[in-house]
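Comments concern the structure below.
The values are calculated or read from the model by the stated rules, or taken from the named source; none is laboratory data. Owing to the predicted nature of the structure, the values given are computational and were not obtained by experimental measurement. In this analysis, Cβ positions are derived from the backbone assuming ideal geometry, glycine residues included, and neighbour counts consider all displayed protein chains. Keep in mind that these areas ignore ligands, DNA and RNA; they rest on the heavy atoms of the full protein, side chains included. Shrake-Rupley method; radii C 1.70, N 1.55, O 1.52, S 1.80 Å.
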Amino acid sequence: MPATARRDRERAQRHQMIITAARELAEAEGWDAVTTRRLAERIEYSQPVLYSHFDGKDAIVRAVAIQGFEELAEHLRRARIGAEGSGQGLQSLCRAYLDFAATRPTLYQAMFVMPTDVKFASEETPAPLRAGFDEFVSALPPGTEQPELTAEVTWSALHGMAVLAATRRIPPGGQGERVNLLAARIITAPA
């Protein structure tokens with residue numbers, strides 16, 4: 001049994017090494033540079049070893065995205081909890097979301113722009129993605145009508161702001177004002 005546990009541990013380490021290498025390569029050179037050949041060279045394993053972990057680049061991007069959703073959920077949770085009792089939980093969460101997108105653009109791209117089979121708002125939604133969504137629901141004022149729909153619309157608006165700012169279609173410097181307006185509309189929406 002110890003040999004099996006060791007092999008499982010080594011496989012999990014190789015799996016994570018591939019994901020980490022993909023993130024690092026994408027951050028350095030963009031997602032187009034991430035190929036199985038380049039990753040195999042980078043981690044010093046053969047391409048068949050990569051394919052024993054992932055079916056191809058899309059599966060690797062999916063794994064990166066899932067890790068990104070874990071990181072986003074934790075980032076949002078810290079922001080929401082840090083603002084508890086101040087009445088600023090929603091604004092804090094919104095600012096944290098935009099901060100995450102702005103400071104991790106390559107990861108954000110894997111999560112929301114690159115093609116993956118990650119399902120949103122579905123029975124198949126991965127737990128880390130659902131945890132991030134639940135943070136939005138938890139940040140809403142008590143008594144919010146249709147909290148899941150409101151959370152979905154809030155997330156969608158923030159995603160739009162993040163992408164538009166990243167592509168310089170709106171000035172990135174106005175995000176604080178946009179967040180305040182969005183949060184004010186949600187907080188003062190008729191119940």
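Residue under question is Phe120, and the condition is that it be over 22 Å from Glu177 (Cα atoms), part of a helix (DSSP H, G or I) and aromatic (Phe, Trp, Tyr); does it hold? For Phe120, the condition - over 22 Å from Glu177 (Cα atoms), part of a helix (DSSP H, G or I) and aromatic (Phe, Trp, Tyr) - is not met.
Residues of segment 148-175 that are surrounded by 17 or more Cβ atoms within 10 Å (Cβ to Cβ) and free of Cβ contacts under 8 Å to residues at least 24 places away in the same chain: Ala151 alone.
Residues checked against (1) in contact with a helix residue (DSSP H, G or I) (Cβ under 9 Å, 6 or more places away or on another chain); (2) open to solvent by 50 Å² or more (accessible area, probe 1.4 Å):
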site: Thr103; (1), (2): no, yes
site: Gln109; (1), (2): yes, yes
site: Pro115; (1), (2): yes, yes
site: Phe120; (1), (2): yes, yes
site: Glu123; (1), (2): no, yes
site: Pro126; (1), (2): yes, no
site: Asp134; (1), (2): yes, yes
site: Pro141; (1), (2): yes, no
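Only residues that are in contact with a helix residue (DSSP H, G or I) (Cβ under 8 Å, 6 or more places away or on another chain) and either open to solvent by less than 20 Å² (accessible area, probe 1.4 Å) or polar (S, T, N, Q) (or both) were counted in segment 38-62, giving 10. Restricting the first member to segment 109-120 and to residues that are acidic (Asp, Glu), and the second to residues that are modelled with pLDDT under 90 and outside any loop (DSSP other than H, G, I, E, B), no beta-carbon pair is closer than 9 Å while six or more apart or on different chains. In this structure, does Ser52 turn out to be within 26 Å of Ala127 (Cβ to Cβ) and not charged (D, E, K, R)? Taking the combined requirement at face value, the residue satisfies it. Of all residues in segment 161-174, those that are under 12 Å from Asp99 (Cβ atoms) and over 19 Å from the mean Cα position of the chain (by Cα) total 1. Across segment 157-168, the number of residues qualifying as at pLDDT below 95 and not aliphatic (A, V, I, L, M) comes to 2. Residues in segment 129-147 that are without any contact (Cβ under 8 Å) to a residue 24 or more places away in the chain and assigned to a loop (DSSP other than H, G, I, E, B) were compared, and the one that is farthest from the chain's Cα centre (by Cα) is Pro142. Filtering segment 70-105 to residues that are modelled with pLDDT under 95 and either among the β-branched types (Val, Ile, Thr) or outside any helix (DSSP H, G or I) (or both) leaves Ile81, Ala83, Glu84, Gly85, Ser86, Gly87, Gln88. The set of residues in segment 99-113 being of a type outside the set (Phe, Trp, Tyr) and touching an Asp or Glu at 6+ places or on another chain (Cβ under 8 Å) consists of Arg104, Thr106, Leu107. In this structure, does Ala127 turn out to be on the phi > 0 side of the Ramachandran plot and of a type in the set (A, V, I, L, M, F, W, C)? Taking the combined requirement at face value, the residue does not satisfy it. For segment 106-156, taking the residues that are aromatic (Phe, Trp, Tyr) and at pLDDT 90 or above, the one that is farthest from Ala65 (Cα to Cα) is identified as Phe136.
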